[in-house]
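Undergrad: Here it is, the structure, as structure tokens.
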Amino acid sequence: MKKWFALALALFVCSGTCAQSNWPNRPIKLLVPYPAGGSTDILARLLGQKLSEALAQPVVIDNKGGASGGVAASYFVKSALDDHAFMVASLPMMSINQFLYKKMGYDPDADLAPIGLIAQTPNVLVVSSQMPVASLKELAARAKTLPVPMSYSSSSSGSAGHLLNELFKSNVGIELIHVPYRGNGPAMAALLAGDVQFTTDNLPQLLPQIRAGKLKPLAVTSAKRWFQLPDVPTVSESGFANMTTSAWFGLVAQSKVPADVVARMNRELNAVLNSPDFAAKLRDVSFEGMPGTPADMKHASVRERDNWKKVIEQSGASAE
């Protein structure tokens, strides 16, 4: 009898662990909720390469942009359950969209299982290198002298760049025209082409053009000056403390993916983030790694919501 009990107990334990003992046994799919070439895509491809090495499986990147990550998130949660599928989640997807969009197509708490935070980077407000301004206050002063409102681009309606510029507009009492695009790349291209006067976006996307002298950074949104742009003041130093924020990114699974897969992926993610060579690669493109637990990501998502809800209410921003 004892032998049968021991066998039954072993089978019960194995049902929760042995089923995943050979995981992963096929390619990993990594959904990126923004178009190729943007900051999220840059981060995802760096991470995908290292996870592929760690898991001994290919990591297939799939870009699906729109609605500040909402299109990809809705697609992800409505897809068939797949314990080999993951998504890079941005701060807007987890903490902002619910206050901007009447219909999202996903619930960030009920539909998504956090794996862990990946990295953070500041946003930076940039203008063309030809514009004769050197600070946010000079930009506001110039805007007030023009016969028509200045325009700015963003990666999408509801993005942090959109909301920060609406907050800037509210802070200084000017009118601005918002021109949303489908991703960081097109938003930056519009500025380089002279179609808009400025943009605010994640630093990794803009850094090469800043270094090339084509874009001029006026302020970073981090609490302290950023290591890649030590001469650029923070928004707080510039007199706009309420614009202080960082863009962070995390990894999520579908909510019904087994807990042991979530735990394994978290271990692999942290191992990658804690490796000196990967940390150096992140810093090269102006990211800072954020190793931790699924709970850390959950807390970050919830903590941000009150702040961004206030920003949306103060700025009057909205999205369809």
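The values are calculated or read from the model by the stated rules, or taken from the named source; none is laboratory data. Keep in mind that what you see is a predicted model, and the values were worked out from it rather than measured. Backbone-built Cβ (ideal geometry, glycine too); neighbour counts: all protein chains shown. Just the protein is used for accessible areas: all its heavy atoms, side chains included, with ligands, DNA and RNA removed. Shrake-Rupley method; radii C 1.70, N 1.55, O 1.52, S 1.80 Å.
Undergrad: Starting with the highest mean, order 302-309, 124-131, 255-262 by the number of other Cβ atoms within 10 Å, averaged over the residues of each peptide.
TA: 124-131, 255-262, 302-309
Undergrad: Helix-only estimate, please: 222 nm mean residue ellipticity of the chain, summing -39500 (n - 2.57) across DSSP H runs of length 4 or more and dividing by its residues, to the nearest 500.
TA: The per-residue figure over the chain is -13000 deg cm²/dmol.
Undergrad: Using 1/(1 + (r/R0)^6) with R0 = 56 angstrom and r between the beta carbons of ASN242 and ALA54, what's the FRET efficiency to the nearest 0.05?
TA: Using R0 = 56 Å, I get an efficiency of 0.90.
Undergrad: Quick query: amide H of VAL220 versus all other amide H atoms, modeled in the peptide plane; which residues come in under 5 Å with a sequence gap of 5 or more or a different chain?
TA: Close amide H contacts, sequence-distant or interchain: THR234, VAL235.
Undergrad: Under a cut-off of 15 Å between alpha-carbon atoms, report the aspartates and glutamates in cross-link reach of LYS144, not counting same-chain residues fewer than 8 places apart.
TA: Result set, ordered by chain and number: GLU175.
Undergrad: May I ask you to give the solvent-accessible area per residue for segment 41-101, in square angstrom, as obtained with a 1.4 angstrom probe?
TA: Here the per-residue accessible area is 34 Å².
Undergrad: State the label only: which of (i) 83, 18, 14; (ii) 40, 20, 16; (iii) 48, 21, 15 corresponds to semi-axes √(5λ) of the Cα gyration tensor in Å computed from the shown model?
TA: (ii)
Undergrad: Output the pairs from LYS103/LYS224; LYS216/LYS309; LYS29/LYS281; LYS50/LYS214 with a Cα-Cα distance over 24 Å in this structure; if there are none, say none.
TA: The answer is LYS103/LYS224; LYS216/LYS309; LYS50/LYS214.
Undergrad: Hey, another quick one. Heavy atoms only, 1.4 Å probe, whole protein assembly: order LEU46, LEU117 by accessible area, highest first.
TA: LEU46, LEU117
Undergrad: Moving on. With charges set only on the Cβ (+1 for Lys and Arg, -1 for Asp and Glu), what does the dipole of the chain come to about its Cα centre, in debye to the nearest 20?
TA: 240
Undergrad: According to the square roots a ≥ b ≥ c of the eigenvalues of the Cα gyration tensor, what is the shape class of segment 128-239, taking rounded for a/c under 1.5, prolate for a/b larger than b/c otherwise, and oblate for the remainder?
TA: Here segment 128-239 falls in the rounded category.
Undergrad: Here is a follow-up. Against the globular-protein guess of 2.2 N^0.38 Å, express the Cα radius of gyration of segment 250-291 as a ratio, rounded to two decimals.
TA: Here the Cα radius of gyration is 1.35 times the empirical estimate.
Undergrad: Using a/c under 1.5 as the rounded threshold, could you call segment 153-310 rounded, prolate or oblate? The axes a ≥ b ≥ c are square roots of the C-alpha gyration tensor eigenvalues, and prolate needs a/b larger than b/c, oblate otherwise.
TA: prolate
Undergrad: Another question, if that's okay. What is segment 148-209 by shape, rounded, prolate or oblate, if you read a ≥ b ≥ c off the alpha carbon gyration tensor as root eigenvalues and call it rounded for a/c under 1.5, prolate for a/b larger than b/c, and oblate otherwise?
TA: Cα axes put segment 148-209 in the prolate bin.
Undergrad: Return the inverse of the average 1/r over all pairs of distinct C-alpha atoms in segment 206-279, which is the Kirkwood hydrodynamic radius, in Å to one decimal.
TA: When all Cα pairs of segment 206-279 are included, the Kirkwood radius is 15.5 Å.
Undergrad: With an 8 Å cut-off on Cα pairs and a minimum separation of 6 or more residues, tell me the relative contact order of the chain in percent.
TA: Relative contact order, the chain: 26 percent.
Undergrad: Using per-residue counts of other Cβ atoms within 10 Å, averaged over each peptide, order 61-68, 73-80 from highest down.
TA: Descending packing order for the listed peptides: 61-68, 73-80.
Undergrad: Can I ask one more? I'd like to know how segment 58-153 sits against the 2.2 N^0.38 Å rule of thumb: what's its Cα Rg over that expected value?
TA: Scaled against compact globular proteins, the figure is 1.52.
Undergrad: Using amide H atoms built 1.01 Å from N in the peptide plane, name the residues 5+ places from SER135, or on other chains, whose amide H lies under 5 Å from its own.
TA: none
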